[in-house]
Amino acid sequence: MSLTPFFLFGCDANAQNRPPGMDLEEAFQVVGEFGPYQRRVVALLVLTQVYMACQSMLIVLVGSTPEYQVEQQDGAAFSLQELPQHVTFTEDIDSIVTEWFLIKQQAYKVSLAGSLFFVGLLVGNIVFGPLSDKIGRRPVYLTSMFLEVVFGYVTAFAPSYEVFAVSRLLVGLMNGAIGLVCFVFTQEYVGKSYWAMTGTLASMTFAVGITLFGALGYFIQPWRSLATAANSSGILFFLLSVTLPESPRWLYSQGQTKRAEEVLRYMAVRNGNSANNLILQRVGAKKAGNHDNGGAGVQQLVIHPVLRLRTMVLMYVWYACSLVYYGLTLGASEMSGNRYVNVAMYGLVELPAYPLCMYFINKHWAGRRKSMASFLCLAGSACLCTMLIPENTGSLLSVTSLALLGKLMVSAAFNIVYIYTSELYPTVIRNAALGVCSMSCRVGGILAPFVPSMRALHNSVPFTVFCLSGLSAGCLGLLLPETLNQPAAETLEELGSPTRSRVLENKALLYEDEEAKYSSNHN
């Protein structure tokens, strides 16, 4: 089949003399899959995770509730207006609790501010994932980064709790957008063989960011100063990100082949490679984006038979990962000691998970699918074992150590599912798919705090929920296809090959073919 490039002013007169062109993976071989320029860009994007982690964990320290005493009053309780005059904080802590007296009946406002941040993440995933697939990665990323810095300063200088709470919602909204696009950027700038590494580095740096935030909070304890310091690094990351080019994979998926070639040549020059003869295969905008079929957006995740099944499975896997991860985190963090050390440990306990991911997911006998399923099942099994050990056991094998082991395993699964999901979807809807999956992830995070309250029924109920969630998600994940050493899909048409699908997806394709035949025969 002859593909003729389309230009604004007509057809290229030399089109017939052009070589057939190369696909994107062949182009990255010429440009350099992970050359010096890509290493600098990925380092910038990965370090941005430190800023995002500080924003995500901010409420943990600025919302700290110190020990306090309330003067006793005979008869009725103090009103909200009278309470500040009769409260004495016995710890030297400066937080939103001490400034706005968020105690007693007002204590829920601390949790509400934290919940609003995650609500913002949820909405950001839903809105900005499809938007970046439609208008591009770069404009969404830069706009969201700029606005998050602005709203971060609104948080630091909020004159009232209401302004503070709204600013946390808006920061979460922008954080959700940056998280998605930043992760996709780290993969679409490099060759597919480096996707696992760049995705793992992003998740690992987020955990390092949590640890660094704990150290920052130790040295800067006034909450407004801490919020200002945590937000100021965003200015540097924004200024450095202005020079980032658009994703060549996104440009190619949209049929903007000439612009994709320009970006690839730009990268090649800075890698020290010659790419003068770099010519991509011409893909028309109709084929690239499937605009005539309703658009390559969220609706395709429901309409397309292969994508529908993948999305259903992945949404549950993301939900289970989030539920188990945050549920175990809440349980593991309920310990005495220095709050700043506890926050640092919250990040450090995740770090061993990432080298494990990088080792297993690149082995042919494990791959993405089996590794993800195994880590989820191990997390569920660790939760199962907690129910077999007395709570006050002082040995190494205790409920706490098993809970942390479960968190280690689910952290590994969480990292893999990010990488795996981005490989399971074509470029034209990759961000939309990540947004939908992240939406179910946020639902799991919202529900996780309620699981420990099930101890009222029986002490083993919370761990039973985590166990069943991990085991069921692990088994369900085995229905997905393996993506290790498989070419990345750029358009929806490439999903039609049965070699890309497992048995469940082959049945969906067979059903679609039979439906098409039935329609053609009756027309």
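The values are calculated or read from the model by the stated rules, or taken from the named source; none is laboratory data. Please read all numbers here as calculations on a predicted model, not as lab measurements. Glycine also receives a Cβ, built like all others from the backbone with ideal geometry; neighbour counts cover every protein chain displayed. The area values use the complete protein model at the heavy-atom level, side chains included, leaving out ligands, DNA and RNA. Shrake-Rupley method; radii C 1.70, N 1.55, O 1.52, S 1.80 Å.
To the nearest 0.05, what FRET efficiency results for Leu457 and Thr90 with a Förster distance of 35 Å applied to their C-beta separation?
Numbers: r = 35 Å, r/R0 = 1.00.
That gives a FRET efficiency of 0.50.
On a 22 Å Cα-Cα criterion, which of the cross-link pairs Lys370/Lys407; Lys134/Lys370; Lys104/Lys407 come out too long? Intermediate values should be presented prior to the final figure.
Numbers: Lys370/Lys407 19 Å; Lys134/Lys370 33 Å; Lys104/Lys407 32 Å.
Violating the 22 Å Cα-Cα cut-off are Lys134/Lys370; Lys104/Lys407.
Need the full-extension length gain, Ala215 to Thr243, defined as separation in residues times 0.36 nm minus the C-alpha distance. One decimal, nm.
On the way: separation 28, 0.36 × 28 = 10.08 nm, distance 3.09 nm.
Using 0.36 nm per residue and subtracting the Cα-Cα distance, I get 7.0 nm.
Using 0.36 nm times the number of residues separating Leu112 and Asn276, minus their current alpha carbon distance, what extension gain do you get?
Working: separation 164, 0.36 × 164 = 59.04 nm, distance 5.60 nm.
Extending this stretch completely gives an extra 53.4 nm.
Students sometimes get this wrong: rank Tyr161, Tyr266, Tyr153 by accessible area, probe 1.4 Å, all chains present, largest first.
If we order Tyr161, Tyr266, Tyr153 from most to least accessible, we get Tyr266, Tyr153, Tyr161.
Starting from 0.36 nm per residue, how many nanometres of slack lie between Glu494 and Val150 once their C-alpha separation is accounted for? Working shown, then result.
Working: separation 344, 0.36 × 344 = 123.84 nm, distance 4.14 nm.
Extending this stretch completely gives an extra 119.7 nm.
If I take R0 = 56 Å and measure r between the Cβ atoms of Val269 and Asn338 in this structure, what FRET efficiency does the formula 1/(1 + (r/R0)^6) give, to the nearest 0.05? Working shown, then result.
Details: r = 51 Å, r/R0 = 0.90.
Efficiency computed from Cβ-Cβ geometry: 0.65.
Using all Cα-Cα distances in segment 150-229, what percent lands in each 10 angstrom bin from 0 up to the longest?
17, 33, 32, 15, 3
Starting from the Cα of Asn362, step 7 Å along the direction of its Cβ; do the same at Thr65; then give the gap between the two resulting points in nm.
In this crude spin-label approximation the distance works out to 4.7 nm.
Simple spin-label model, 7 Å along Cα-to-Cβ: Thr228 to Val127 in nm?
Rounded to a tenth, the inter-label distance reads 2.9 nm.
Is the shape of segment 348-422 rounded, prolate or oblate, going by the alpha carbon gyration tensor and its root eigenvalues a ≥ b ≥ c, with a/c under 1.5 for rounded and a/b larger than b/c for prolate? Intermediate results must be reported in sequence, preceding the final value.
On the way: a/c = 2.82, a/b = 2.26, b/c = 1.25.
Taking the square roots of the gyration eigenvalues as a ≥ b ≥ c, segment 348-422 is prolate.
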